[in-house]
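Chemist: For reference, the structure I am asking about is given below.
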Amino acid sequence: MNLDVAHRGVDEVGEGPIWDFRAQELLWIDVTQGVVHRLNPITSAHTSLSIGVHIGAVAFYSDEFLIAAIRDGFATISKSNGSINYLSQVIHENTIRFNDGKCDPLGRFIAGTMRYLPEPGSAALYSYNKAGEVREILNGVGLSNGLCWDASGTRFYYIDTLTKEISLFEYNTENGALSNRKTFYTFATNDGSPDGMTIDVNGNLWVALWGGGKVRCINTHAQVIAEIKLPVSQPTSVAFGGEKLDQLFITSARFQLSSEQQSKEPLAGSLFVADVGVQGVNEPTFGIGR
């Protein structure tokens, strides 16, 4: 697998990559700097919007707006100037924030929370639908992170980073309820911490391992079938993109790296891309789905 730098950057916590198949561009965020990036990987044209608050995830909403899980709730973000319009404030304390999120196959926006100093059982996973309803669909979470659905939409893979596991749920596509939780895969201590995740057309999971300096591919039988090693210790998330959806984009962070560590990892906070020989799937649009 060839690995290249798609965009050399200095994101403190680069996260949440998502491929805009309409514009053939990649969007991603810097969580703690409150920035939304956009990159055309063919021309290398790059723009960014500062929204002024911490941001956990973005998803497609309309030609003019993104939907986002910002620090304390759900909002739309103007693509032209970064202005925020609150849809629903969910969090009412400043020690917790929204983290990773995606739209489910039916177009609900699913996003979870974490404490700034993560604690087991102190966070949750929420669903926001086009009727403006917010539901807590999972509690007792430590650090809500990667999430994705299989092709049927009925199998939901989920990472609570503090558990070092990928959990598998049955997902009710009618109401978005979770049931029958199982442990799908457990990471070893020296693997790093599981962070963002995506799925390919074969149902294989691709997981970024914070602190492990790698992305691991796990098949439907919970077997490791591929691994990408990176020149940075804190890869954060992954998304398929490119004209054929066969390029894996990988975000990274330079969060709390010492000056010595930064000198050893000059590419920390950059965006990487790998040719992985398999296609991903397009992400759903809020309120519409796949």
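Chemist: Quick one: net charge around S179, please, counting Lys, Arg +1 and Asp, Glu -1 for every other residue with C-beta under 14 Å from its C-beta.
Modeler: Working: positive: R155, R181, K182; negative: E170, E174.
Combined, the nearby Lys, Arg, Asp and Glu give +1.
Chemist: Work out the FRET efficiency for V224 and T189 from their Cβ-Cβ distance, taking R0 = 25 Å, and round it to the nearest 0.05. The partial results should precede the final answer.
Modeler: Working: r = 16 Å, r/R0 = 0.64.
Efficiency at R0 = 25 Å is approximately 0.95.
Chemist: Same structure again: Determine ³J(HN,Hα), in whole Hz, for all residues of the stretch 177-189 in sequence, where each value follows from phi through the Karplus function 6.51 cos²θ - 1.76 cosθ + 1.60 and θ = phi - 60°; x replaces Gly and Pro.
Modeler: Couplings: 7, 9, 7, 6, 5, 9, 7, 8, 8, 10, 8, 6, 4 Hz.
Chemist: Under a plain spin-label model, where a point goes 7 Å from the Cα along Cα-to-Cβ, how far apart in nm are A131 and I288?
Modeler: So the two model labels end up 2.2 nm from each other.
Chemist: Here's another thing I want to ask about it. Can you give the local net charge around A111? Use residues other than it whose beta-carbon is closer than 13 angstrom to its beta-carbon, Lys and Arg +1, Asp and Glu -1. Before the final figure, lay out each step's value.
Modeler: Values: positive: R71, R97, K102, R108, R135; negative: E15, D72, D100, D104, E136.
Once all neighbours under 13 Å are counted, the net charge is 0.
Chemist: Normalised by the number of residues in the chain, what is the relative contact order in percent for Cα pairs under 8 Å and 6+ residues apart? Don't jump to the answer; show the numbers that get you there.
Modeler: Details: 856 pairs, mean separation 54.9, N = 290.
Relative contact order comes out at 19 percent.
Chemist: Is there a quick way to get the dipole size of the chain? I mean about its Cα centre, with the Cβ of Lys and Arg at +1 and of Asp and Glu at -1; what is the value in debye to the nearest 20? Intermediate results must be reported in sequence, preceding the final value.
Modeler: Values: 22 positive and 31 negative charges, 25 e Å.
With only Lys, Arg, Asp and Glu charged at Cβ, the dipole is about 120 debye.
Chemist: Between S62 and E260, what is the label-point separation in nm under the 7 Å Cα-to-beta-carbon projection?
Modeler: Going by the 7 Å Cα→Cβ label model, 5.3 nm.
Chemist: Can you sort H37, H46 so the residue with the fewest Cβ neighbours within 10 Å comes first? Can you show the working numbers first?
Modeler: Values: H37 22, H46 17.
So the ranking, lowest neighbour count to highest, is H46, H37.
Chemist: How large is ³J(HN,Hα) for each residue in the stretch 157-163, as worked out from phi by the Karplus curve 6.51 cos²θ - 1.76 cosθ + 1.60 (θ = phi - 60°), to whole Hz, x for Gly and Pro?
Modeler: 9, 8, 10, 9, 3, 5, 7
Chemist: Identify all lysines with a Cα-Cα distance to K229 below 20 Å; exclude those on the same chain that are fewer than 8 residues away in sequence.
Modeler: Hits, sequence-local ones excluded: K164, K214, K264.
Chemist: Highest first, please rank the peptides 234-241, 197-204 by the mean number of other Cβ atoms sitting within 10 Å of their residues. List each step's numbers first, then the result.
Modeler: Numbers: 234-241: 26.9, 197-204: 19.1.
Result, highest mean Cβ count within 10 Å first: 234-241, 197-204.
We did not get these values from a lab; they are worked out from the coordinates using the rules stated. Small disclaimer: the values here were computed from a predicted structure and weren't measured. Note: ideal-geometry Cβ built from the backbone for every residue, glycine included; neighbour counts use all protein chains shown.
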